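Encoded as structure tokens, the structure appears first; notes follow it.
The values are calculated or read from the model by the stated rules, or taken from the named source; none is laboratory data. Bear in mind the structure is a predicted one, so any value in this text is a computation, not a measurement. Here Cβ is always computed from backbone atoms with ideal geometry, including for glycine, and neighbour counts include all displayed protein chains. Heads up: the accessible areas ignore ligands, DNA and RNA and are worked out on the full protein's heavy atoms, side chains in. Shrake-Rupley method; radii C 1.70, N 1.55, O 1.52, S 1.80 Å.
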Amino acid sequence: MTSGPHGGRWGSGILRWTSLRLRLVAVFAAVALTAAVSVSGIAYWLNRDAVLTRAQNSALNDFRDSLQRNAASLPVAPTCQSLESTASRIGGPDTYQVVLLSTGQDSQECAAASNRDVFTLDDVPATLQRAVNTRHTKDDGKYHLHWERISLQGRPYLVAGARINGDGPTGYMLKSLEAERKDLNSLAWSLGIATLLALIGSALLAQAAGAAVLRPVRRLGEAAQRLGEGHLDTRLKVSGTDELAEMSRTFNNAAEALETRVEELSAREAASRRFVADMSHELRTPLTAITAVSDVLEDEAEALDPMIAPAVRLVVSETRRLNELVETLMEVTRFDAGTAKLRVDEVDVGEQVMACMDARAWLDSVELDAPRGVLATLDPRRLDVIMANLIGNALKHGGSPVRVTVRGTGTAADGSIEVAVSDNGPGIPEDVLPHVFDRFYKADASRARSEGSGLGLSIAMENAHIHGGDITAANGPSGGAVFTLRLPRHPRSDEASDAVNGGPSEGGTPEGGTAGGAR
């Protein structure tokens with residue numbers, strides 16, 4: 001079967017900064033942006049160079065030809081009037097503006113401009129003037145045409161200059177490059193739009209690729225989530241022969257192996273529970289007879305031979321211990337099988353704790369702080385089992401004095417009760433604390449046999465859980481162990497209402513505390 005729609009955790013991954021989909025889109029976008037910017041930049045600079053070179057060469061060639069046609073016949077020292085006439089013929093508003101410079105007959109410098117409002121000698125850079133007036137010795141002392149690109153009032157221009165007929169007049173040209181700049185700006189916008197479209201296209205491509213790649217991964221995540229929730233029959237649909245298909249096959253094989261293993265373990269656990277339950281039931285009948293005989297022997301122990309009396313007392317003691325162990329094992333099997341029921345009643349918790357202590361003659365050994373009126377709806381027998389185990393554990397393994405404190409919190413409708421059992425002993429080692437409620441756990445592994453079965457605290461915890469409560473173990477600030485029982489004033493079990501009206505009968509549990517042996 002395929003996994004169900006449990007993909008809330010994966011669906012929100014699209015929006016997470018750390019999601020694989022977002023990283024894939026980011027990588028695609030970065031690659032596309034880098035490529036588009038590189039291509040656009042190269043294209044822009046190549047086109048810019050071509051446009052400017054073409055406009056520049058066209059203007060320079062036309063300027064050179066115009067100088068040759070219109071100024072070649074000028075004398076070495078022409079008059080200002082002739083220079084102005086020549087400048088007007090060479091320059092124009094549709095081409096370029098010209099300034100002709102020469103030393104007149106009266107030995108004064110004359111600068112004639114085609115339009116003084118647009119271009120004068122002051123607009124010519126000094127570096128260009130020096131280059132134009134420099135003779136090139138490697139070329140027989142001739143003058144060359146020189147040019148520069150400048151900016152006047154934020155607009156681009158081409159300025160060039162050359163001397164006519166060797167020592168003749170000097171001509172300067174100013175050509176506007178505004179049209180070329182507009183063309184280049186349009187090209188830049190076009191390349192920018194193309195780059196943006198490439199970026200959007202790469203994001204869509206990455207989204208499509210991510211969907212194709214991540215869809216099997218998302219399904220795998222959903223299947224793993226269902227598998228973790230206990231749906232061991234979850235399988236993935238396998239299609240194709242790529243790595244993702246191989247991953248799906250591996251998941252299916254692992255899920256199948258896990259399901260088989262869990263079924264085997266469940267079968268073994270069920271068989272173990274049945275064995276314990278059957279064994280306990282089989283032992284109850286002979287134990288009942290043995291217990292009756294041991295009671296008779298105990299009553300007659302004083303009249304027996306002094307050599308036999310100790311053996312009789314030992315038999316009686318061990319018979320009672322075995323009977324308690326069988327009852328405890330039966331209670332454990334009921335918890336494991338889920339058949340344990342609550343038979344609740346509204347009781348005064350303080351009185352119940354006092355009754356538990358009185359039945360075991362602990363009133364002189366335990367300090368009780370239990371105000372009257374702390375009412376709760378719970379199973380009195382199970383509360384007795386819990387308190388017997390907690391107080392008995394404190395008396396056996398802790399140090400005097402043992403204190404029991406009963407407190408109520410909240411309201412009678414939704415409050416809880418808290419019972420703390422503390423002692424003045426050495427406390428619980430830190431490495432033992434996590435295991436005090438484990439079954440058959442004993443802190444001293446060398447004690448192969450002790451008075452406790454190692455199940456008391458475990459059963460106490462199960463009885464707390466069936467009420468919807470809990471028990472915690474800790475070390476007190478001044479030493480000693482502190483076990484705290486917390487129960488709701490009303491049981492949270494769905495079976496509580498049925499138990500009030502009478503549930504299936506259950507065997508009793510040992511009345512004495514069967515300490516868990518954790519310390």
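Within segment 346-377, the set of residues being among the polar types (S, T, N, Q) and farther than 25 Å from G468 by Cα comprises just one member, S365. Looking across A206, A211, A188, A194, one residue alone is buried (at least 18 other Cβ atoms within 10 Å of the Cβ) and small (G, A, S). It is A206. Within segment 103-118, the residues that satisfy the criterion of being modelled with pLDDT under 80 and surrounded by 11 or more Cβ atoms within 10 Å (Cβ to Cβ) are T103, G104, Q105. State all residues of segment 299-320 that are farther than 22 Å from T333 by Cα and open to solvent by less than 80 Å² (accessible area, probe 1.4 Å); if no residue qualifies, say none. Of everything in segment 299-320, those that are farther than 22 Å from T333 by Cα and open to solvent by less than 80 Å² (accessible area, probe 1.4 Å) turn out to be A301, L304, D305, A309, P310, A311, V312, V315, V316, S317, E318.
Going by what's in this entry, would I391 be described as in contact with a strand residue (DSSP E or B) (Cβ under 7 Å, 6 or more places away or on another chain), part of a loop (DSSP other than H, G, I, E, B) and either modelled with pLDDT of 85 or more or closer than 26 Å to P491 by Cα (or both)? Against the criterion (in contact with a strand residue (DSSP E or B) (Cβ under 7 Å, 6 or more places away or on another chain), part of a loop (DSSP other than H, G, I, E, B) and either modelled with pLDDT of 85 or more or closer than 26 Å to P491 by Cα (or both)), I391 does not qualify. Among the residues making up segment 270-285, those that are of a type in the set (S, T, N, Q) and surrounded by fewer than 15 Cβ atoms within 10 Å (Cβ to Cβ) are S272, T285. Taken together, the residues in segment 416-444 that are assigned to a loop (DSSP other than H, G, I, E, B) and either under 39 Å from the mean Cα position of the chain (by Cα) or over 30 Å from R489 (Cβ atoms) (or both) amount to 18.
Within segment 258-269, the presence of at least one residue that is in contact (Cβ under 8 Å) with a residue 24 or more places away in the chain and open to solvent by less than 60 Å² (accessible area, probe 1.4 Å) is confirmed.
Can you name every residue in segment 395-415 that is assigned to a strand (DSSP E or B) and either over 27 Å from T377 (Cβ atoms) or basic (K, R) (or both)? Within segment 395-415, V402, R403, R407 qualify. Taken over segment 456-466, the criterion of being touching a helix residue (DSSP H, G or I) at 6+ places or on another chain (Cβ under 7 Å) and open to solvent by less than 20 Å² (accessible area, probe 1.4 Å) is satisfied by G456, L457, I459, A460, N463, A464. Restricting the search to segment 359-391, which residues are of a type in the set (G, A, S), open to solvent by 10 Å² or more (accessible area, probe 1.4 Å) and within 20 Å of V482 (Cα to Cα)? Those that are of a type in the set (G, A, S), open to solvent by 10 Å² or more (accessible area, probe 1.4 Å) and within 20 Å of V482 (Cα to Cα): S365, A370. Listed conditions (1) touching a helix residue (DSSP H, G or I) at 6+ places or on another chain (Cβ under 9 Å); (2) assigned to a helix (DSSP H, G or I); (3) open to solvent by 80 Å² or more (accessible area, probe 1.4 Å) are all met by E327, apart from (3). Taking the conditions (1) within 45 Å of the chain's Cα centre (by Cα); (2) farther than 30 Å from H490 by Cβ in turn, E331 satisfies each one other than (2). For segment 61-80, the condition holds for no residue, the condition being that it is modelled with pLDDT under 75, within 30 Å of N185 (Cβ to Cβ) and not in a helix (DSSP H, G or I).
Within this structure, V296 fails the test of being at pLDDT 75 or above, more than 54 Å from the chain's Cα centre (by Cα) and open to solvent by less than 50 Å² (accessible area, probe 1.4 Å). Take the conditions at pLDDT 85 or above, in a helix (DSSP H, G or I) and under 41 Å from the mean Cα position of the chain (by Cα) and apply them to L457. Does it pass? The answer is yes for L457.
Hey, R135 hits all of (1) in contact with a Phe, Trp or Tyr (Cβ under 7 Å, 6 or more places away or on another chain); (2) surrounded by 18 or more Cβ atoms within 10 Å (Cβ to Cβ) but one; which does it fall short on? That leaves (2) as the condition not met.
Each residue in segment 214-225 was checked for being over 23 Å from A26 (Cβ atoms) and open to solvent by 30 Å² or more (accessible area, probe 1.4 Å), and 3 of them qualify. Of the candidates T288, T241, the single residue that is outside any helix (DSSP H, G or I), at pLDDT below 85, among the hydroxyl-bearing types (S, T, Y) and open to solvent by 80 Å² or more (accessible area, probe 1.4 Å) is T241. Taking E148, is it open to solvent by less than 30 Å² (accessible area, probe 1.4 Å) and acidic (D, E)? In short, no.
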